[in-house]
């Protein structure tokens, strides 16, 4: 049974889509599992003039599709929620918020613990953090922790400005930058897979691995996110954060211990080995694409809210060569896109073939490279392909998959990413959050690619529902590789 956590949780943006879709259901599941009990309260803030009663109805309504609910449990859970109409630029409103926090802390016995969640537009993050400190919302007796949603800036300069403004109010060990991919079961399981199996740990390097491929594909278009996507694009939306974090978990050295400090030290060393690209290298090693109409699927430029001449990429593929000596010469291929054949997040580790096949002498030269594929979502599990002999009198080889998949009922019962990460923040565990040093390195790398594209690099096209532009295939073909067949 998990230890009950005591805290006053303030959600800036309590009326928003993120709060309804992710935060309230996650908090409810923590309540159901006993992580949150009687010693917590949630303050939702937004500009709307709601009452506590109406706010609780909103919270309860967000749980309609949650498993393992009952009317009594939902009512007990919602009774812990309070609403405060709030203008984030008005200092007086923070005084009112402080008084409510102190009152609820005494009422619920929260021990002076404060968790602040910024679930609103990033342009307000610095303003909110500044007022939290200046109007003395920080607790002198318990912990003070701040959860921040992405996007954390739109380039290095804006990310640093944002970090400086938040850092003026909170220390780095109080800041929890969410990347929800780090809350996924199979992403967290990558470290266990790598560092607890003698079969894999000694060969997880350039001597045995030929290439690594990471695919994050979506079968949907931009849907209601056109306003955001037109200012971001796939590079900022998916590569700088999610894909870079997956690369870190695949490629970082083994941490000295499994602690936040040791894990982040290993990640920082890895990100320090991102290459310093020239504009020419960025254009050569990175491909951007945009989907065009196919069948009944519209083109990106035909989506609601998208400019008819938009140059925003809906697809990105790239080749990253780390300068880390353990990975010298091993390309990391990444791709992400919308309107692809299916939703999938997969990581393929492709091993080098044997230099000498003893079965060549008997005409059996079909030994293929081994491959480990980690299925992150929607399937969760992994497959290791090995060479084996076909049944019969002739000596012929075939590939045999050794596969494991979590059954769907186990997936349905497992904590969702936001639930895991909010629990970690309540417990003060920063392992699965990102730190500024990581943001610093990844933004500097991505900025070169973005600038090269802005300097009139070509925008490829691909048919909606296809695997992406031909240029992405050519990125691998020039090195003698092709995209992993599991995705195909």
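Taken together, the values in this text are just the output of simple stated rules run on the coordinates, not laboratory data. From a predicted model like this one, the values you see are computed outputs, not experimental measurements. Virtual Cβ from ideal backbone geometry, glycine too; neighbours counted across all protein chains shown.
With the largest listed first and rounded to whole Å, the semi-axes of the equivalent ellipsoid of segment 182-279 from the Cα gyration tensor are 29, 16, 15.
If one computes P(r) from the Cα atoms of segment 288-423, what percent of pairs lie at distances over 23 Å?
Working: 5714 of 9180 pairs.
Tail fraction, whole percent: 62.
Here the label points at residue 157 and residue 328, each 7 Å from Cα along the C-beta direction, are separated by 3.7 nm in the simple model.
Just to be sure I follow: if Rg is taken over the C-alpha atoms of segment 122-196 and Rh is the Kirkwood radius over the same atoms, what is Rg/Rh? Write out the running numbers ahead of the final one.
Details: Rg = 15.4 Å, Rh = 14.1 Å.
Rg divided by Rh gives 1.09.
Grab the Cα-Cα distance for residue 207 and residue 127, subtract it from 0.36 nm times how many residues apart they are, and report the gain in nm with one decimal.
Numbers: separation 80, 0.36 × 80 = 28.80 nm, distance 4.99 nm.
So the extension gain works out to 23.8 nm.
For the pair residue 71 and residue 21, the difference between a 0.36 nm per residue extended length and the Cα-Cα distance amounts to 16.1 nm.
Computed FRET efficiency, Cβ-Cβ of residue 308 and residue 404, R0 56 Å: what is it to the nearest 0.05? All intermediate terms of the calculation are to be shown ahead of the outcome.
Working: r = 47 Å, r/R0 = 0.85.
The pair residue 308/residue 404 has a calculated efficiency of 0.75.
If the chain between residue 85 and residue 4 were fully stretched, how many nm would it gain, using 0.36 nm times the residue separation less the Cα-Cα distance? List each step's numbers first, then the result.
On the way: separation 81, 0.36 × 81 = 29.16 nm, distance 2.90 nm.
Extending this stretch completely gives an extra 26.3 nm.
Going by neighbour counts of Cβ atoms within 10 Å, the residues 7, 130 line up, fewest first, as 130, 7.
Take the Cβ atoms of residue 416 and residue 96, set R0 to 56 Å, and the FRET efficiency comes out at 0.95.
Based on Cα coordinates alone, diagonalise the gyration tensor for segment 10-76, multiply each eigenvalue by 5, take square roots, and list the semi-axes in whole Å, largest first. Write down the numbers at each step before the final one.
Working: eigenvalues 73, 33, 27 Å².
Taking √(5λ) for each Cα gyration eigenvalue gives 19, 13, 12 Å.
Against the chain, whose longest principal axis comes from its Cα atoms, helix 260-271 is set at around 50 degrees. When 398, 319 are arranged by Cβ crowding within 10 Å, least crowded first, meaning fewest neighbours, the order is 398, 319. Calculated over segment 5-149, the projected area of the Cα convex hull averaged across directions stands at 7.8 nm².
Take the Cα gyration tensor of segment 195-250, multiply each eigenvalue by 5, square-root it, and list the three semi-axes largest first, rounded to whole angstrom.
One finds semi-axes of 34, 11, 10 Å for segment 195-250.
For the chain, take the longest principal axis of its alpha carbons; what is the angle in degrees between that and the long axis of helix 185-195, to the nearest 10 within 0 to 90? Orientation of helix 185-195: about 60 degrees from the principal axis. Measure nothing but the geometry: give the 0 to 90° angle between the long axis through the Cα atoms of 417-427 and the longest principal axis through the Cα atoms of the chain, rounded to 10°. Result, in degrees: 60.
Model label points for residue 261 and residue 357, set 7 angstrom from Cα along the Cα-to-Cβ axis, are 5.1 nm apart.
How high is the relative contact order of the chain? Use alpha-carbon pairs under 8 Å, at least six apart in sequence, and give a whole percent.
Working: 864 pairs, mean separation 82.5, N = 488.
About 17 percent, as a whole number.
Each residue of the chain gets 175 Å³ once the volume of the Cα convex hull is shared out per residue. Residues 385, 69, 442, 314 in ascending order of nearby Cβ atoms (within 10 Å, fewest first): 69, 385, 442, 314.
Only helical runs count toward this figure. For the chain, summing -39,500 (n - 2.57) over DSSP H runs of n ≥ 4 and dividing by all residues gives -9500 deg cm²/dmol at 222 nm.
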